[in-house]
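In what follows, a structure is listed as structure tokens, so that the remarks can point back to it.
Nothing in this text is a laboratory measurement; each read-out follows from the coordinates by a stated rule. This one's a predicted model, so the numbers in the text were calculated from it and none came from an experiment. Positions of Cβ are generated from backbone atoms using ideal geometry, with glycine treated the same way; all protein chains shown enter the neighbour counts.
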Amino acid sequence: MEYFADIKPDTIALSAQDALLLFANHPLVHFYENKDGNDDFMPTSALKVSLYMALRNFPLLLGYIQDEKDGTASVVVDKDNLNLPDFQETTSNVHFRTIKDAHYSWKTWPAWVATVGPATAPAEDGTIKLVNVNVVRLAENSGMA
């Protein structure tokens, strides 16, 4: 992919504190209101380009977790086999106003807004994605999460 042509191969040793974070997912959810009612509110193509541009500056997130012989862990960035994030887009019948009026209470969030559970788990091929993205289009094009 052209966005990642400048990525250099690297092995990043994780500290003991970093390694502790390998066992849990840390979902971040942000909400954006479509205040102007634009039909083309945050188009998927622009979101993907923005994601890829950001990841160029954080190639660690494109790597694979590797256990080392001494019991530590590293993230290996293989420029020829990047661990690209899962990017999915879903729709919801929840309106942005409902979430906003409830002061962004978790109880009002679409059930599938988090793409992963609380504990890290490898995919069928044994890899763990370091980034997962789920763009949730809210009801009536009122916004997104």
Query raised in the report: Pairs Lys107/Lys129; Lys35/Lys129; Lys8/Lys35; Lys48/Lys69; Lys8/Lys48; Lys69/Lys129: which are spaced more than 30 Å apart, C-alpha to C-alpha?
Result: Lys35/Lys129; Lys8/Lys35; Lys48/Lys69
Requested in this report: Have a look at Glu68, Glu89, Glu33 and tell me which one the Gaussian network model of the chain (Cα, springs below 10 Å) gives the largest fluctuation.
Outcome: Glu68
Query raised in the report: In degrees from 0 to 90, rounded to the nearest 10, what is the angle of the helix 44-56 Cα long axis to the longest principal axis of the chain?
Result: 30 degrees
Requested in this report: Loop only per DSSP, at most 10 neighbouring Cβ atoms within 10 Å: give me the trypsin sites (Lys or Arg not before Pro) in region 46-145, ordered by residue number.
Outcome: Lys69
Query raised in the report: Taking amide H positions as placed 1.01 Å from N in the peptide plane, with prolines and chain starts having none, which residues 5 or more places from Asn25, or on another chain, fall under 5 Å of its amide H?
Result: Ala119, Thr120
Query - DSSP-assigned coil residues among chymotrypsin sites (Phe, Trp or Tyr not before Pro) in region 32-114, each with at most 15 further Cβ atoms within 10 Å - result: Tyr104, Trp112
Report task. Label region 34-145 by shape, choosing from rounded, prolate and oblate, from the square roots a ≥ b ≥ c of the eigenvalues of the Cα gyration tensor; if a/c is under 1.5 it is rounded, and otherwise prolate applies when a/b is larger than b/c, oblate when it is not. Result -> prolate
